[in-house]
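> Sending over a structure as structure tokens; questions will come in a sec.
The values are calculated or read from the model by the stated rules, or taken from the named source; none is laboratory data. Please read all numbers here as calculations on a predicted model, not as lab measurements. Cβ placement follows ideal geometry from the backbone for every residue including glycine, while neighbour counts extend to all protein chains displayed.
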């Protein structure tokens, strides 16, 4: 799955042809369709691979005390991932399918649903942090979760545009400072 995932990550959903995908995976088009049924289903599996391997903040880390520090650290980790030489720049979930042909709307919804689920996980954790007294009483967990999501998505696009790790770590640290201001 890594080869297909990296191809989608590098080229986007619409940019990755069957020839690109089968070449990267070392299989024939017939094998791809036999195994996955369609390019869209292969993409769904690739999104799952990416999410599990790179994008997901582990439940145990998110659940641990110090939610704000955990999120700030996670932003810095993502800054390094988005710019590291081992993988295509940016985040596959954030950039591989932002705009598409109408017929690919269901595929775009897969990535959108993953982005929304990530924001929801962060919001739920921040709501708990507020209930436990970690956040100041005036903090808005929903807005803070969207803020973290916007930072991740923005850093991803900037990485695709050539921003360096240092550039993105600086952004992550500014975001971490804003999160710290929300402490009780």
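> Being in contact with a helix residue (DSSP H, G or I) (Cβ under 6 Å, 6 or more places away or on another chain) and closer than 28 Å to residue 170 by Cβ narrows it down to one residue among 32, 21, 42, 71; which is it?
Testing whether each residue is in contact with a helix residue (DSSP H, G or I) (Cβ under 6 Å, 6 or more places away or on another chain) and closer than 28 Å to residue 170 by Cβ leaves just 71.
> Using the structure shown, decide if residue 180 is surrounded by fewer than 13 Cβ atoms within 10 Å (Cβ to Cβ) and within 20 Å of residue 66 (Cβ to Cβ).
On the way: surrounded by fewer than 13 Cβ atoms within 10 Å (Cβ to Cβ): yes; within 20 Å of residue 66 (Cβ to Cβ): yes.
Considered against the rule, which asks whether it is surrounded by fewer than 13 Cβ atoms within 10 Å (Cβ to Cβ) and within 20 Å of residue 66 (Cβ to Cβ), residue 180 comes out as yes.
> With a cut-off of at least 1 residues that are surrounded by 13 or more Cβ atoms within 10 Å (Cβ to Cβ) and modelled with pLDDT of 95 or more, name the helices (runs of 4 or more DSSP H) lying wholly within the range 6-123.
18-25, 29-36, 39-50, 67-83
> What pairs can you find where one residue is in the range 158-176 and loosely packed, with under 14 Cβ neighbours inside 10 Å, the other is in a loop (DSSP other than H, G, I, E, B), and their Cβ atoms are less than 9 Å apart, with a gap of 6+ or different chains?
As it stands, the answer is 161/89; 161/90; 162/89, since those pairs meet every condition given.
> Of all residues being in a loop (DSSP other than H, G, I, E, B) and free of Cβ contacts under 8 Å to residues at least 12 places away in the same chain in the range 124-146, which is surrounded by the most Cβ atoms within 10 Å (Cβ to Cβ)? Just the residue, please.
140
> Any residue in the range 124-133 that is more than 17 Å from residue 184 (Cα to Cα) and modelled with pLDDT of 95 or more? Spell out how you get there, then give the answer.
First, the residues of the range 124-133 that are more than 17 Å from residue 184 (Cα to Cα): 124.
In the following step, the residues that additionally are modelled with pLDDT of 95 or more were identified as 124.
Within the range 124-133 (the criterion being more than 17 Å from residue 184 (Cα to Cα) and modelled with pLDDT of 95 or more), the answer is yes, since at least one residue qualifies.
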